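**Student:** Take this structure first; my questions come after.
No value in this document is a laboratory result; all are computed from the given coordinates. No experiment lies behind these values; they were computed from the predicted model shown. We place every Cβ from the backbone using ideal geometry, glycine too, and count neighbours over all the protein chains shown.
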Amino acid sequence: MEEKHIYNLDKLIKTSYRLLEITRKMLQSCQLKRNKVYSDRRFIISFFFRRAWQLYESFLMLIKENRLIDSLILLRSFCEMGINLGYIFSDKIDNDEKDIRALKYMLNGDEAQLKIINANLEDFKEIDSKIEDRRDKLKQDIKKIKKILKKKYGLENWDLPSLDQRATESGFDIIKKIYNQIYRYTSNIEHHNIFFGRDYVNKNRCEPRESLEKFSQLPHLKPPVILYLFRIIYIEVLGAFNDEFKLNWEKKLSEIKKIHEDEYPLLRNN
């Protein structure tokens, strides 16, 4: 059974590296494309694309080393990106609404960063001599975004919906389901809750466990399962990037998505 488990994971990893090769070539296609026009949603998808790529490479390293807990933490983070991706680039809305949601997303991030700086300004000054310049630039960016939302789109409320509401509006039901399934468990991990910590300790001997094999016995911590779920979101990121920059990678993405879906039975044999 263990050999079959390793074989299935190896096949999934092999396909994953094919996805990374497609990612590199898509970036090259984007770089070679001339007369690209700026849009706020293109800015966001470029960030999502590059960050997803980075996360995916880190995720694969963790999976190959059987670092299941840390892999799951990355998956949760990636689910949040997937929810925001679905919310901003939903097929149910027009391009103006996509740009509005992209602007709200940018505004939310800038305001959160400004809040952190203001709350810790004196501490930041000790390690960053230009922190006040960065703060002032953030203020300008926030003012600019609010002006666009008000004058161009006639909006007075710029609040970003809750993550749960964004998940609902995204239409990405599978990503919302994945996120909900792992959220509570990973919250225990992030906060080092004893509910999670019990599995690190040999209670009878009251000492740390050297082996953490127990984690791999949990259904949501099977390496092939975690990897497969991660790939679901990753393929959606590539698809949105392709659509926004009109790179004509539909056929190749369709082919790799078919391979991905055909590998689903590999999860059942573990």
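**Student:** Of Leu9, Met81, Tyr183, whose Cα points farthest to the positive end of the dipole of the chain (charges on the beta-carbon: +1 Lys, Arg; -1 Asp, Glu; origin at the Cα centre)?
**Tutor:** Farthest towards the positive pole: Met81.
**Student:** With unit charges on the beta carbons (Lys and Arg positive, Asp and Glu negative) and the dipole taken about the Cα centre of segment 18-111, which residue among Ser29, Phe43, Leu60 sits farthest to the positive side?
**Tutor:** Ser29
**Student:** Using the count of nearby Cβ atoms within 10 Å as a rough guide to exposure, how do Ser254, Ser187, Ser16 rank from fewest to most?
**Tutor:** Ranked by crowding around the Cβ, least crowded first: Ser254, Ser187, Ser16.
**Student:** Let me spell out the model: positive unit charges on the Cβ of Lys and Arg, negative unit charges on the Cβ of Asp and Glu, origin at the Cα centre of the chain. What dipole size does that give, in debye rounded to 20?
**Tutor:** I would put it at about 660 debye.
**Student:** Give the order of Tyr17, Tyr179, Tyr228 when sorted by the count of other beta carbons within 10 angstrom, beginning with the fewest.
**Tutor:** Exposure proxy ranking, most exposed first: Tyr17, Tyr228, Tyr179.
**Student:** From the cross-link list Lys104/Lys152; Lys104/Lys150; Lys36/Lys151, which pairs have alpha carbons spaced over 18 Å apart?
**Tutor:** Lys36/Lys151
**Student:** Cα to Cα, under 20 Å, and not fewer than 8 places away if on the same chain: which aspartates and glutamates meet these conditions relative to Lys64?
**Tutor:** Candidates past the 8-residue exclusion: Glu2, Glu3, Asp10, Glu21, Glu210, Glu213, Glu263.
**Student:** Sort segment 1-133 into rounded, prolate or oblate with this rule: let a ≥ b ≥ c be the square roots of the eigenvalues of the Cα gyration tensor; rounded if a/c is under 1.5, and if a/c is not under 1.5, prolate when a/b is larger than b/c, oblate otherwise.
**Tutor:** Verdict is oblate for segment 1-133.
**Student:** Only Lys, Arg, Asp and Glu count, each charged at its Cβ (+1, +1, -1, -1), so figure out the dipole size of segment 93-162 about its Cα centre, rounded to 20 debye.
**Tutor:** 340
**Student:** Okay, moving on. How far is it, in nm, from the label point at Tyr38 to the one at Asp199 when both lie 7 Å from their Cα along the line to the Cβ?
**Tutor:** 4.7
**Student:** Under the Karplus relation 6.51 cos²θ - 1.76 cosθ + 1.60, θ = phi - 60°, what is the ordered set of whole-Hz ³J(HN,Hα) values for segment 63-72, x standing for Gly and Pro?
**Tutor:** Result, rounded to whole Hz: 4, 5, 8, 6, 8, 5, 4, 5, 4, 5.
**Student:** Between Asp10 and Lys152, how many nm apart are label points set 7 Å from Cα along the C-beta direction?
**Tutor:** In this crude label model, Asp10 to Lys152 measures out at 5.2 nm.
**Student:** Tell me which residues come under 5 Å, amide H to amide H, from Val201 once H is placed; ignore anything under 5 positions away on its chain.
**Tutor:** Correct list: Arg209.
**Student:** Test of understanding: what is the full-extension gain from Ser46 to Asp164, defined as 0.36 nm times their sequence separation minus their Cα-Cα distance?
**Tutor:** Separation in residues times 0.36 nm, less the Cα-Cα distance, equals 40.1 nm.
**Student:** For segment 93-162, what is the relative contact order in percent, using Cα pairs closer than 8 Å and at least 6 residues apart in sequence?
**Tutor:** Relative contact order comes out at 41 percent.
**Student:** Using the alpha-carbon centroid of each, what span in Å lies between segment 65-84 and segment 164-217?
**Tutor:** The distance from the Cα centre of segment 65-84 to that of segment 164-217 comes to 11 Å.
**Student:** Give the shape of the chain as rounded, prolate or oblate, defined through the alpha-carbon gyration tensor: a ≥ b ≥ c are the square roots of its eigenvalues, a/c under 1.5 means rounded, and otherwise the shape is prolate if a/b is larger than b/c and oblate if not.
**Tutor:** Judged from the Cα gyration tensor, the chain comes out oblate (a/c at least 1.5, b/c at or above a/b).
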